[in-house]
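Remarks on the structure that follows.
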Amino acid sequence: MRLKTDFLFDYSQSYRKQIRYLSEFATAVVNRFPVRVRTIRLIDYGANATFKVCDFKGQCFALKIFSAGYQSENALNEQLHWLQQLNMQSIFT
């Protein structure tokens, strides 16, 4: 199943419509993983959208949806590397 992304970060839409669609998109993305989701909550929205996803085991994860073309692939890879380093140092528990 391909997720429709043409509406993501459509700033011509109202703020509420953008948040609603991004929340629906985040739910669709998370449902592709073997996680039983308890909650998905928007924690930041601007050029990107960041969600806090918690499962029924009490584990929480971050889901970040990037606006197409806002950052280079290199910048995205640097963010992923930084998060991996934080995880290895047990910053996230």
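The values are calculated or read from the model by the stated rules, or taken from the named source; none is laboratory data. No experiment lies behind these values; they were computed from the predicted model shown. Note that each Cβ is placed from the backbone with ideal geometry, even for glycine, and that neighbours are counted across all protein chains shown. For accessibility, only protein heavy atoms count, side chains too; no ligands or nucleic acids. Shrake-Rupley method; radii C 1.70, N 1.55, O 1.52, S 1.80 Å.
Take the residues in segment 60-69 that are free of Cβ contacts under 8 Å to residues at least 40 places away in the same chain and in contact with a strand residue (DSSP E or B) (Cβ under 9 Å, 6 or more places away or on another chain); name whichever of them is least open to solvent (accessible area, probe 1.4 Å).
By that ranking, first place goes to Leu63.
Scan segment 60-89 for residues that are closer than 28 Å to Arg16 by Cα and either among the aliphatic types (A, V, I, L, M) or part of a loop (DSSP other than H, G, I, E, B) (or both) and jot them down.
Listed by number, the residues that qualify are Ala62, Leu63, Ile65, Ser67, Ala68, Gly69, Tyr70, Gln71, Ser72, Leu76.
Filter segment 41-59 down to the residues that are in a strand (DSSP E or B) and out of contact with any helix residue (DSSP H, G or I) (no Cβ under 8 Å at 6 or more places or on another chain) and list them by number.
Hits for segment 41-59 are Arg41, Ile43, Asp44, Asn48, Thr50, Lys52, Cys54, Asp55.
Quick check on segment 34-59: of everything there that is free of Cβ contacts under 8 Å to residues at least 24 places away in the same chain and over 18 Å from Leu22 (Cβ atoms), which residue is surrounded by the fewest Cβ atoms within 10 Å (Cβ to Cβ)?
Top of the filtered list is Pro34.
Name every residue in segment 11-36 that is within 18 Å of Tyr70 (Cβ to Cβ) and assigned to a loop (DSSP other than H, G, I, E, B), in order of residue number.
Those that are within 18 Å of Tyr70 (Cβ to Cβ) and assigned to a loop (DSSP other than H, G, I, E, B): Tyr11, Ser12, Gln13.
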